[in-house]
Each structure stands twice: as C-alpha cells, then as structure tokens.
Amino acid sequence: MNLGFPEMLFLGLLALLLFGPRRLPEMGRQIGKALSQFKRASTEFQTQLEDEVRQLEVQEDSQRSIAPPAPPEGSVAQTTAASSSSADPTASADPPATPPLPASSNGGDGASGDNGAKGA
C-alpha cells in the first residue's frame, strides 16, 4: 500500500476529528509502545531460532567427526573391513622367510665368485 503525502494528511485530520486533540497524543504513544514491544519480541524470537539452528549444526558436525557412518550392508567396504578384522592379529604382514640355500659340494668356499663352476 503506497500512501503519499495527501493521503497521510487526510488520515491525520480524520484521526484528529475522531479522537480529539487530547486523546490523539496518548493513542500515538500507546501505538508506539505496542510497535516497539512487537519489534523487540520478534527480534528475540529470531535470535532464539538462529541459536537453536546453530546448536543443531554444531551437534551434526561433532557427530560426523566422531564416528563416520557405517557402510551399507553388503557393500564392498563392509566385506573388506570384515575380512581384515577376522584375520589372525598375531600373523605378520611380512612374507615368510626363504630357507637358506644348501652349501656347494664342489669344495669351493664360494668367495671366489665363480659359483662353484670350474672352468675349462
């Protein structure tokens, strides 16, 4: 609703005629107080709502950082995790050691670098 100066002047004169010069200032103060109380209550409500939303966001963030969500049942990630947790915890990840090679029967000590082969 767009009220110009002529419309505002007309409403002011109409209010002056209806309520008189004594009651008009009182009514103006009462309307001003009511509007300020309404504005204060709406600001307080908005602040409280924003605080609640912020607290919910903090709770969600902390839940995400504490425990990641479990993979869906039957997924590849779940079967991989289950197989690694069922493995023997005492078994080492290193491959088994190879047995030592038998000593050469040609009488060489193996230090000459000829690998026991006698040349022709």
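The values are calculated or read from the model by the stated rules, or taken from the named source; none is laboratory data. Values in this document were obtained by computation on a predicted structure and should not be read as measured data. Note: ideal-geometry Cβ built from the backbone for every residue, glycine included; neighbour counts use all protein chains shown.
Let's see how each residue does on (1) surrounded by 10 or more Cβ atoms within 10 Å (Cβ to Cβ); (2) among the small types (Gly, Ala, Ser):
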position	(1), (2)
Asn2	no, no
Leu16	yes, no
Glu26	yes, no
Ala34	yes, yes
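The set of residues in region 37-74 being within 13 Å of the chain's Cα centre (by Cα) and either at pLDDT below 60 or charged (D, E, K, R) (or both) consists of Arg54, Glu57, Glu60, Asp61, Arg64.
Applying the set (1) at pLDDT below 60; (2) in contact with a Pro (Cβ under 8 Å, 6 or more places away or on another chain) to Ala77 leaves exactly one unmet item: (1). Which of the numbered conditions does Gly108 fail, given that it passes all the others? Conditions: (1) modelled with pLDDT of 70 or more; (2) surrounded by 10 or more Cβ atoms within 10 Å (Cβ to Cβ). With (1) modelled with pLDDT of 70 or more; (2) surrounded by 10 or more Cβ atoms within 10 Å (Cβ to Cβ) applied to Gly108, the lone miss is (1).
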